[in-house]
Amino acid sequence: MEWIERLNEAMGYMEEHLADEIDMEKLGKIACCSSYHFQRMFTYMAGVPLSEYIRRRKMSLAAVDLQGKDRKIIDVAAKYGYSSPTAFNRAFQSVHGIAPSAVKNEGVSVKSFPPIQFKITVKGVEEMNYRIETKDAFRITGVSVPLNKDIEKNFAVIPSKWQEIAMDGTLQKLIGMMDTEPMGVLGVSTCNDTEPWRYYIAVSTKKTGEDLEEYMVPAATWAIFPGEGTNQSIQELERRIVTEWLPTSGYEYGNAPDVEVYLNPDPQNAKYEVWIPVVKKQ
């Protein structure tokens, strides 16, 4: 499968540059997607955040280097991008459970995390309902927060913003402004590599509001997946889209934002749609 081959090519690039600064945008280009989508695909498929995988691989190789009696800790730390011995010591202990200096002692146990190689496993246990729609550009109005390039950190930032606007009345204000399709409260992730990464909580509307931001969602083709349940259920749906649907769909990620449409924005029993921008594989 071309899609899996590109992912593994990106993994090969990563492996070759563990002792250098890994270019996340380069990883995305190899996999034919944004660096945001690459990180998200990796996390869903590998079951571990990309940043954590890189740290484990670096510390696995660092342990091997330190087992050579003539290697200085400060040199090994610098080799894997740690300018501070304290930061290297902390990273090393988090992986191996011992200090770097202890590795030189005979009989000391360390961990090894081998490189990941992706393969397709066909499950097909549960059906997935979806539709493909091409939509014109539409304007949204709302509030936003910057997204971190390490996407795992956003799992704390985004829920906090939802809670904030629910408490201060902004969410109800936005719901009252909604007047154009798509009808629902929107969570929009602008996450390609040509514009700042931001997450908008917004509605599609012709109205304007004081202290609110505007963004134009570009025209695109979307794979739209309906769902219902809690925040955990939407994350599970997104995981299944990436790991089960996308590899065999005949589509790949398009250059447009990810969109969540909350038709009933109840955090415990939401009805929603997940929109993934797609283009047909050539």
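The criterion of being in contact with a Lys or Arg (Cβ under 8 Å, 6 or more places away or on another chain) and either in a strand (DSSP E or B) or at pLDDT below 90 (or both) holds for Gly209. Note on segment 216-236: residues that are buried (at least 18 other Cβ atoms within 10 Å of the Cβ) and not β-branched (Val, Ile, Thr) total 5. Return the only residue of Asp150, Asp179, Asp168 being of a type outside the set (A, V, I, L, M), touching a helix residue (DSSP H, G or I) at 6+ places or on another chain (Cβ under 7 Å) and surrounded by fewer than 19 Cβ atoms within 10 Å (Cβ to Cβ). Result: Asp150 is the single residue among Asp150, Asp179, Asp168 that is of a type outside the set (A, V, I, L, M), touching a helix residue (DSSP H, G or I) at 6+ places or on another chain (Cβ under 7 Å) and surrounded by fewer than 19 Cβ atoms within 10 Å (Cβ to Cβ).
When only residues in segment 85-108 that are modelled with pLDDT under 90 and in a loop (DSSP other than H, G, I, E, B) count, which is nearest to Met59 (Cα to Cα)? Looking at residues that are modelled with pLDDT under 90 and in a loop (DSSP other than H, G, I, E, B), I get Val108. For segment 239-270, filtering for residues that are over 24 Å from Lys29 (Cβ atoms) and either outside any loop (DSSP other than H, G, I, E, B) or within 14 Å of the chain's Cα centre (by Cα) (or both) leaves 8. Checked against the criteria, Glu15 counts as assigned to a helix (DSSP H, G or I), over 18 Å from Pro247 (Cα atoms) and either in the same structural domain as Asp193 (by TED's automatic domain parsing) or touching a residue at least 60 places away in the same chain (Cβ under 8 Å) (or both).
Of all the residues in segment 238-269, those that are over 21 Å from Thr134 (Cα atoms) and either at pLDDT 90 or above or in contact with a Ser or Thr (Cβ under 7 Å, 6 or more places away or on another chain) (or both) number 2. Of the residues Asp179, Asp193, the single one that is part of a loop (DSSP other than H, G, I, E, B), in contact with a Phe, Trp or Tyr (Cβ under 9 Å, 6 or more places away or on another chain) and either closer than 30 Å to Thr248 by Cβ or of a type in the set (D, E, K, R) (or both) is Asp193. If you go through segment 127-146 and keep only what is outside any strand (DSSP E or B), exposed (fewer than 11 other Cβ atoms within 10 Å of the Cβ) and out of contact with any Pro (no Cβ under 7 Å at 6 or more places or on another chain), you end up with Glu127, Asp136.
The values are calculated or read from the model by the stated rules, or taken from the named source; none is laboratory data. None of the values given here were measured: they were computed from a predicted structure. FYI the Cβ positions are ideal-geometry reconstructions off the backbone, even for glycines, and counts take in every protein chain you see.
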